[in-house]
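One structure is given here, and the rest of the page talks about it.
All of the numbers you see were taken from the coordinates with simple rules; none came from a lab. From a predicted model like this one, the values you see are computed outputs, not experimental measurements. A quick note on method: Cβ atoms are made from the backbone with ideal geometry, for glycine too, and the neighbour counts reach across all protein chains shown.
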Amino acid sequence: MLLAGVADLTRMFYYARIVTNAARAGVQYGIYSNTHWTDYTGMQNAATASAGNANGLTANATSFCQCPGSSSTVSCASTCAGSTTPKEYVQVTTLYPFAAVVIWPRMPSSFNISYTDTMRVQ
C-alpha cells in the first residue's frame with residue numbers, strides 16, 4: 001500500500017512538471033513576436049502540444065497591458081505617465097485533472113494541477 005502511495009506522489013510531481021512546462025511553452029510562443037501576443041489559439045496549441053502524454057490538459061491564454069511600475073492593467077492604446085507606452089504581457093494557464101490510483105481516507109481521489117505563467121512581450 002505504501003509503494004502505491006509513493007507511485008501516486010511520483011505521478012503527481014511528474015504531471016505537475018508537465019503542466020508547468022506546457023504553460024511556459026504557450027507563453028514562449030506568445031512572446032515570440034508582436035503578432036503572436038494576441039494569437040490565443042496559437043499559445044493554447046503550443047501549450048497542449050508540449051504536454052505530450054498528458055491527455056486532458058487544457059490551456060487558456062490571455063494578454064494584457066500594464067504601465068511601468070504599476071500592477072494594474074490598462075488599455076493597450078493608452079499612454080502611461082511620462083508619455084510612455086504600456087508594456088504588453090501574455091499569460092497562459094494550464095490545467096490537468098489528476099486522478100490518484102490509490103484512494104486514501106480523507107484525501108481527494110482527484111484534483112486539478114494548474115500553473116499560470118506570465119511574460120512580457122519583447
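About its Cα centre, what dipole magnitude does the chain give when the only charges are +1 on Lys and Arg Cβ and -1 on Asp and Glu Cβ, stated in debye to the nearest 20?
200
If I model a spin label as a point 7 Å beyond the Cα along the Cα-Cβ vector, how far apart are those points for Asn45 and Met119 in nm?
Each label point lies 7 Å from its Cα, and together they span 1.9 nm.
If the chain were replaced by its equivalent ellipsoid, with semi-axes equal to the square roots of 5 times the Cα gyration tensor eigenvalues, what would those be, largest first, whole Å?
Gyration-tensor ellipsoid for the chain: 37, 15, 10 Å.
Based only on other Cβ atoms within 10 Å, what is the fewest-to-most ordering of Leu95, Leu9?
Fewest-to-most Cβ neighbours within 10 Å comes out as Leu9, Leu95.
Taking the highest mean first, how do the peptides 11-19, 74-82, 104-112, 44-52 order by number of other beta carbon atoms within 10 angstrom per residue?
44-52, 11-19, 74-82, 104-112
Divide by every residue of the chain the summed helix terms, -39500 (n - 2.57) for each DSSP H run of at least 4, and state the resulting mean residue ellipticity at 222 nm, rounded to the nearest 500 deg cm²/dmol.
Per the formula, -11000 deg cm²/dmol.
Distance in nm between label sites at Leu3 and Ser109, each 7 Å beyond Cα in the beta-carbon direction?
Once both label points are built, they end up 2.3 nm from each other.
Given Ala99, Gly42, Val74, which one lies farthest toward the positive end of the charge dipole of the chain, if we put +1 on the Cβ of every Lys and Arg and -1 on the Cβ of every Asp and Glu?
It is Ala99.
On C-alpha positions alone, give me the angle between the axis of helix 2-30 and the longest principal axis of the chain, in degrees, nearest 10.
20
Quick one: compute the contact order of the chain, relative version, from alpha carbon pairs under 8 angstrom and 6+ residues apart, as a percent.
Relative contact order for the chain comes out at 29 percent.
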